[in-house]
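The values are calculated or read from the model by the stated rules, or taken from the named source; none is laboratory data. Just so you know, these numbers come straight off a predicted model, no measurement behind them. All Cβ positions, even for glycine, are placed from backbone atoms using ideal geometry, and neighbour counts span all protein chains on display. Quick note on the areas: whole protein, heavy atoms, side chains included, nothing else; ligands and nucleic acids left out. Shrake-Rupley method; radii C 1.70, N 1.55, O 1.52, S 1.80 Å.
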Amino acid sequence: MDNHLVLDDTSVTIAEQPLVIGQEFPDVETCRRTLKDIAIAMHFDLRIVKSDRSRFIAKCSKEGCPWRVHVAKCPGVPTFTIRTLQGDHTCEGVRNLHHQQASVGWVARSVESRIRDNPQYKPREILQDIRDQHGVAVSYMQAWRGKERSMAALHGTFEDGYRFLPAYCEQIRKTNPGSIASVGATGQENCFQRLFISYRASIYGFINACRPLLELDRAHLKGKYLGSILCAAAVDADDALFPLAIAVVDTESDENWM
């Protein structure tokens with residue numbers, strides 16, 4: 001097999017065959033992911049012939065190319081092992097930068113460690129890094145969705161965060177007595193309406209050491225469900241702003257301000 005494939009007049013070296021007969025995977029999902037990574041690294045399209053609880057069969061999508069792998073479940077354990085393997089390619093592989101295996105899930109896995117270190121990693125940086133490191137072109141939307149999926153895997157989803165709010169407020173009241181923390185919902189579906197938090201230290205400081213005047217402000221949120229954050233602050237003896245309370249609300253209204 002030729003060691004180079006030409007991609008838009010750029011020579012790309014292919015790694016040695018990374019699969020061997022008898023190689024094991026802890027589960028079928030790991031097997032799928034590994035084969036997808038190999039297909040991208042070796043610049044060929046993978047076609048899944050069979051995938052179920054007991055076996056996984058895939059081949060090169062190019063007609064006439066003999067590359068094929070058969071992975072089967074080991075008896076009595078969740079492990080899968082390669083039973084048969086035809087590891088040679090006779091096709092020319094993928095001749096452009098767009099790869100069918102470069103899904104949103106693959107993008108998410110590729111950038112997860114980078115996002116863990118840098119949550120501000122931008123989609124445009126992601127798509128450029130993937131092109132430089134893997135020789136694959138992904139769209140801005142793929143990069144954005146991949147980042148969102150990776151962020152959810154690392155930190156949980158927005159929906160999980162909203163569901164945790166009642167327990168979060170309870171912990172604030174329990175561990176910081178004298179604090180006020182409450183979350184409100186609306187409608188039959190118990191949808192989020194507002195969250196209000198004022199810590200005991202802030203309340204005490206406002207009553208005992210601040211001028212009897214509040215400054216109110218609002219900022220729009222840019223998360224998945226938007227909304228606004230409201231804040232109330234006082235002025236202390238050093239003429240510095242002293243935070244008293246914050247609220248996250250579904251919309252700015254007189255009711256939510258009150």
*Cβ under 12 Å from Arg211's Cβ, Arg211 left aside: what net charge do those residues give with Lys, Arg +1 and Asp, Glu -1?*
-4
*Given a cut-off of under 8 Å on Cα pairs at least six residues apart, what relative contact order in percent is computed for the chain?*
11 percent
_Environment charge of Thr84, counting only residues whose C-beta is closer than 15 Å and scoring Lys/Arg +1, Asp/Glu -1_ = +4
*Would you kindly state how much longer the chain becomes between Glu125 and Thr186 on full extension, computed as 0.36 nm times their sequence separation minus their alpha carbon distance, in nm to one decimal?*
18.0 nm
_Let me make sure I get this right: for the range 159-256, a, b and c are the square roots of the gyration tensor eigenvalues over alpha carbons, sorted descending. Under 1.5 in a/c it's rounded, otherwise prolate if a/b > b/c, else oblate. Which is it?_
oblate
*asked:* Among Ala152, Cys210, Phe25, which residue has its Cα furthest toward the positive end of the charge dipole of the chain, with +1 on Lys/Arg Cβ and -1 on Asp/Glu Cβ?
replied: Phe25
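Can you tell me which of 191-204, 152-165 comes out highest on packing, and rank the rest after it, using the mean Cβ neighbours within 10 Å?
The densest-packed peptide leads the list: 191-204, 152-165.
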_Per residue, in Å², the accessible surface of the chain once ligands and nucleic acids are set aside, probe 1.4 Å_ = 63 Å²
_Highest average packing first - 251-258, 25-32, Cβ atoms within 10 Å_ = 25-32, 251-258
*Treat each spin label as a single point 7 Å out from the Cα along the C-beta direction, and report the Lys50 to Thr90 distance in nm.*
2.3 nm
*Quick one, could you list the DSSP H helices from the chain stretching 18 Å or more along their long axis (Cα atoms) with average Kyte-Doolittle hydropathy of 0.0 or above?*
28-41
_Listed values (1) 81, 49, 33; (2) 108, 46, 26; (3) 77, 56, 36, entry calculated as Cα extents along the principal axes in Å_ = (1)
_Check: the chain dipole with +1 on Lys, Arg Cβ and -1 on Asp, Glu Cβ, in debye_ = 940 debye
*How large, in percent, is the carbon and sulfur part of the accessible surface of the chain at a probe radius of 1.4 Å?*
52 percent
*Net charge near Gly178: determine it from the other residues with C-beta under 15 Å of the C-beta of Gly178, scoring Lys and Arg +1 and Asp and Glu -1.*
+2
*Determine, for the chain, the count of lysine pairs separated by eight or more sequence positions (or lying on different chains) whose alpha-carbon distance falls under 25 Å.*
15
*What is the Cα centroid distance between the range 175-248 and the range 50-111, reported in whole angstrom?*
53 Å
*Got the relative contact order for the range 112-258 handy, in percent, Cα pairs under 8 Å and 6 or more residues apart?*
15 percent
